[in-house]
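Some notes on the structure that comes next.
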Amino acid sequence: MISANNVTLRVGKKALFEDVNIKFTEGNCYGMIGANGAGKSTFLKILSGQLEPTKGDIVITPGERLSFLQQDHYKYDDCLVLDTVIMGNARLYEIMKEKEVIYAKEDFTEEDGIKASELEGEFATMNGWEAESDAATLLNGLGIDTDLHYKYLRDLTGAEKVKVLLAQALFGNPDILLLDEPTNHLDLDAIAWLEEFLINFENTVIVVSHDRYFLNKVCTQIADIDYGKIQLYAGNYDFWYESSQLLIRQMKEANKKKEEKIKELQEFISRFSANASKSKQATSRKKALEKIELDEIKPSSRKYPYIDFRPNREIGNEVLTVEGLSKTIDGEKILDNITFTLGHDDKVAFVGSNELAKTVLFKILIGEMEPDAGTYKWGITTTQAYFPKDFGGEFDNDYTITEWLTQYSENKDATYVRGFLGRMLFAGEDGVKRLKVLSGGEKVRCLLSKMMISGANVLLLDEPTNHLDMESITALNNGMIKFPGVLLFTSRDHQIVQTTANRIMEIVPGGKLIDKITTYDEYLESDEMARKRYTYTVETEDED
């Protein structure tokens, strides 16, 4: 068990947390949620000891081991992948290194033998002989192939490093596991594996995540941070949402009844206070009036943008025809004879572990990259808007937000343009912010404003939820569902894929395409083994 007792954290004069008392018990997975800036990650740092509170303390049951997901992707660059995972249990790794030093001695003494014997006993108690195989199992489950286990971390990609650090946090069955955005940069297969791991994990888990589907799958309780307080709710994310909304409705209804009673008492007092025969009753009602207190209903600190993609033109029947698209990059076949046709009702989620393949396809379709072979043709009624996965170059200038968005608007009226920014929570002076000072989430909201103002009837979105908070992701999800045009998108957010897509296209290893008209959940259930067989067949044919 881990608990916070009267924890307060002040940053300058502002109290981020005020007298927080909360217990996290064994067997539960707690999803920590709250608006951007509410202090979710900060509270995890307090729990893990990385940050000292201004007041109060953190208590952990004696003898329990706490593990947390490291955020520094370069810290272990000079370490082997397998060693990095085992370092998740610091004492076990220390014993392994001590043993190596002792056994490497040329003048092995009796004292060394005694010390080695003690270490071996502790090593066996900690299941040290299974350490390497346990670490390898975690890595393989997250999609880190065995041939990478003995490479240095510096030789891995950023996404692979994230998986190694996650395996490190999970290693050795910690008693308390703290995970800050563990699904960031994970592909959908790795997220699914992590979900199953946490569902079967029997100790205490506290996780911060913007992935609603993930929180629904793994959480038994929700810790909601709002206005410096943390409120616990039993159940998963959806249950929290319904419970919190129900509580607000109940408080409003109770206040409404109280207000009606107040009005009734005030009218009686006003009418009969001067009437001698009614004076006692009026006095009695004054006392009753003084006792009525309205419940304080604070507005949530959460802010939801309003995302509404409205096409300027209705789309026709001919949308997109793709014939035999192929692309090889650095000797690797990324796309191999990709062929498909889109209709005017299609909302297509592109899935698969090869993220580069999906990005390359989008860049070809939007005209930013040339294929090696094949053709594509957009229908004459279509207009396209593109959300790139890597959008750094888009903001490499000195424009204000309003100046930047005005470039892409047919209507140059400042009020009109600011209306789109206002929907995305850029109010008042935010419109004169310079692009170069924007956060990642603010840049994404700018790009979504650009897509809304374009009036396009075909949207291509490559991982649009990166950098967004849960409120913005929810708003984007709703906007995608309501969009009356054609969608082509990639996303690690399971709920967005499931609730938006009516067609799934998977680019499998070797660049081939699987195309199914179905929901994402149905696709996973019905085609998991078929996809594996298909991948194996493609690899076998390539070898021949």
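The values are calculated or read from the model by the stated rules, or taken from the named source; none is laboratory data. Predicted model, so just to flag it, every value in this text is computed and none were measured. Cβ atoms come from the backbone with ideal geometry, glycine included; neighbour counts cover every protein chain shown. Note: areas computed on protein heavy atoms with side chains; ligands, DNA, RNA excluded. Shrake-Rupley method; radii C 1.70, N 1.55, O 1.52, S 1.80 Å.
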Loop-resident trypsin sites (Lys or Arg not before Pro) in region 61-126 with no more than 11 other Cβ atoms inside 10 Å, DSSP not H/G/I/E/B, are Lys105
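Based on a Kirkwood Rh over C-alpha pairs, give the Stokes-Einstein translational diffusion coefficient of region 310-398 at 10 °C and viscosity 1.306 mPa s in µm²/s. Working shown, then result.
On the way: Rh = 14.6 Å.
Translational diffusion coefficient: 109 µm²/s.
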So the pair-distance distribution of the chain, from every Cα-Cα distance in 10 Å bins, comes to percents of 3, 14, 21, 23, 18, 11, 6, 3, 1, 0, 0
Expressed as a whole percent, how much of the Cα-Cα distance distribution for region 360-443 exceeds 22 Å?
41 percent
Fraction of beta bridges assigned by DSSP in region 320-536 that are antiparallel (%, nearest 5):
50 percent
Sorted list, accessible surface of protein heavy atoms, 1.4 Å probe, largest first, for Trp193, Trp240, Trp129, Trp378 is Trp129, Trp193, Trp378, Trp240
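Restricting to bridges with both residues inside the chain, how much of the DSSP beta-bridge set is antiparallel, in percent to the nearest 5? Show your work: numbers first, answer last.
Numbers: 36 of 68 bridges.
Close to 55 percent.
Please list, by residue number, every one of the GluC sites (Glu not before Pro) in region 181-217 that is coil in DSSP and has at most 10 other beta-carbon atoms within 10 Å. Each step should come with its number before you reach the end.
Working: sites: Glu195, Glu196, Glu202; in loops: Glu202.
The qualifying sites are Glu202.
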Lys/Arg Cβ at +1, Asp/Glu Cβ at -1, dipole of the chain taken about the Cα centre: which of Gly158, Phe362, Gly331 is farthest positive-ward?
Phe362
So what does Thr465 come to for accessible area, using a 1.4 Å probe and Å² rounded to 10?
20 Å²
Can you give the three extents of the C-alpha atoms in region 14-106 along their principal axes, from longest to shortest, in whole Å?
59, 31, 27
Between Arg271 and Val59, Cβ-based FRET efficiency (R0 51 Å, step 0.05) works out to 0.30
Which ³J(HN,Hα) values in Hz, rounded to whole numbers, follow from the phi angles of region 145-156 under the Karplus curve 6.51 cos²θ - 1.76 cosθ + 1.60, where θ = phi - 60° and Gly and Pro get x?
5, 4, 5, 9, 5, 10, 8, 7, 4, 5, 8, 9
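Heavy atoms only, probe 1.4 Å: what % of the accessible area of the chain goes to carbon and sulfur, would you let me know?
On the way: 13150 of 27360 Å².
Carbon with sulfur: 48 percent of the solvent-accessible area.
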Within 15 Å, Cβ to Cβ, of Phe171, how many net charges do the neighbouring residues add up to if Lys/Arg are +1 and Asp/Glu are -1?
-3
With eigenvalues of the C-alpha gyration tensor scaled by 5 and rooted, region 74-160, Å:
29, 14, 10
Residues with amide H under 5 Å from that of Val208, placed H, sequence gap 5 or more:
Met32, Leu179, Asp180, Glu181
Over the chain, average the accessible area per residue using a 1.4 Å probe and give it in Å², no decimals.
50 Å²
Note the direction-averaged projected area, equal to a quarter of the hull surface, for the Cα convex hull of region 320-536, in nm².
12.5 nm²
Restricting to DSSP H runs of at least four residues, report the calculated mean residue ellipticity at 222 nm for the chain, -39500 (n - 2.57) per run over all residues, nearest 500 deg cm²/dmol.
-13000 deg cm²/dmol
The simple spin-label model distance between Glu370 and Lys261, using points 7 Å out along Cα→Cβ, in nm, is 7.9 nm
May I ask you to list the GluC sites (Glu not before Pro) in region 1-73 that are in a DSSP loop and have at most 16 other Cβ atoms within 10 Å of their Cβ?
Glu26, Glu64
